Structures are given as structure tokens and as C-alpha cells.
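Reviewing the structure listed below.
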Amino acid sequence: MCAVVSDFEQERLIESLEVFKIQGRDKYGRQILRVIGKFFPARILNVDVVKKYLEEKIFPSLEKRPFSVLYIHTNVEAAENFPGISALKSIYNAIPVDVKNNLETVYFLHTGIQVRLYFATFGCLIFTGGLYGKLKYVNRLSYLWDHVRRNEVEMPDFVYHHDEELDHRRMMDCGLESDHPRVCDAPWVESPVAMYSMRSIP
């Protein structure tokens, strides 16, 4: 059985992993909330802790002007990083009205066909108030840089590596080939240190 992680420790983990970070602007001058899905330790985080962190550390900076969200879905694993439908809906419902109104676009980077089908099925149930219509799926970094100021947003190394892999394995880009690391010739032994290592932040 896993040891219980205190609320304070959970908040420190969110902070240290930089799961949520306001950084840079898009080409329209809107500030960006960058969210790295791979760094979200869903198995040990309490949804109330996440909501409290966002309420205290993130939302106050987003209440007064339009902004965009850059969600990086690269290498996300459902068992490790996905909090579940009810948790997503709870977090979304806790977003203040002013913040929801200021959200212009959600850039969704490196989404496979399974994720798109999932949101086509459940997106309208999770995200109300028109948010689902603000999603913009972005397959490649080169397309993202058409909308986001490249030099203002830090991108983990594994995002660049995945993008290069897509260039060499076109079937992955169509969702016809698995991009799970264990299928794509990666080592079977995975280190939790490597998973959350801040080495991947350039």
C-alpha cells in the first residue's frame, strides 16, 4: 500500500514538477498557461489539492485579461497521468467565471486519434460553457509555432524527441500505430526518476 502523501507535500510536488506554469505568449499577445500532462502525478494527487493550488497560484494571474492554454499531451499514460472524468469535471467547475470568460484557446499538442475520439464522445459532458469548441488539436511543434511565440515557451526534451519520431513513423501520426514506449523499442525498465526528471526542461 502506498504511503499517504500530505496536502502540503502534494502542493510542493505540483510546484516542483511545474505541471502548471504561466509562461510566454501566443501570436495574438495572450499569455499562456502551459500544462505538461506527463508531469501530472494523478495517482497520488487529491483533486481538492489541485483545485486549491490553481485557486491560489494560477487563477489570480488569469482573471483580468485574455489567455490561452497550451496542454502538452506527449507521452501521457492514462494509468499514471489521467485523473479521471469526474476529477476533470470537478476541476473545470471550480474555475472562476472570470477566468473561464478570459480563456480564448486551448492548444492540445500531440493528440492521437484515441484522444480525439474520447473528447468527441465525452468532451461536451466534461466541458460546458463553450470550452470544448475552443480546443485546437496540434499534431506537430512546427504547427504550434505558427500560433505560439517559440522563444517564450520552455518545452521538455521528450516533446522534441516525440515530434522527431512522428516524422519517421507516419502511421503513428494517423493513430494506426501504437506510440506506447514499450511498443516502440524502448527499454522495459522505466525509472520513476527519469519520468519526473527536470533534466527534460531545457
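The values are calculated or read from the model by the stated rules, or taken from the named source; none is laboratory data. This is a predicted model, so every value here is computed, not measured. Here Cβ is always computed from backbone atoms with ideal geometry, including for glycine, and neighbour counts include all displayed protein chains.
Below are the figures for this structure:
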item: Among residues of region 99-135, those that are surrounded by 17 or more Cβ atoms within 10 Å (Cβ to Cβ) and either outside any helix (DSSP H, G or I) or at positive phi (or both), counted; result: 11
item: Region 87-107: number of residues that are closer than 16 Å to Arg30 by Cβ and either in contact with a His (Cβ under 9 Å, 6 or more places away or on another chain) or among the hydroxyl-bearing types (Ser, Thr, Tyr) (or both); result: 2
item: Scope region 62-76; condition surrounded by fewer than 17 Cβ atoms within 10 Å (Cβ to Cβ) and either over 22 Å from Leu144 (Cβ atoms) or of a type in the set (A, V, I, L, M) (or both); matching residues; result: Glu63, Lys64
item: Residue in region 138-151 that is at pLDDT below 90 and surrounded by fewer than 13 Cβ atoms within 10 Å (Cβ to Cβ) present; result: no
item: Failed condition for Arg43, given (1) assigned to a loop (DSSP other than H, G, I, E, B); (2) over 17 Å from the mean Cα position of the chain (by Cα); result: (2)
item: Flag if Leu33 is closer than 12 Å to Val19 by Cα and either modelled with pLDDT of 95 or more or among the polar types (S, T, N, Q) (or both); result: yes
item: Of all residues making up region 62-89, the number that are in contact with a Pro (Cβ under 9 Å, 6 or more places away or on another chain) and either closer than 18 Å to Tyr132 by Cβ or in a loop (DSSP other than H, G, I, E, B) (or both); result: 4
item: Long-range neighbours under 7 Å by Cβ, at least six apart or interchain, first residue touching a residue at least 60 places away in the same chain (Cβ under 8 Å) within region 22-44, second in a helix (DSSP H, G or I) and of a type in the set (A, V, I, L, M); result: Phe39/Leu17; Pro41/Leu13
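Yes or no, residue by residue, for (1) among the aliphatic types (A, V, I, L, M); (2) at pLDDT below 95:
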site: Tyr53; (1), (2): no, no
site: Asn75; (1), (2): no, yes
site: Ala78; (1), (2): yes, yes
site: Ile85; (1), (2): yes, yes
site: Val97; (1), (2): yes, yes
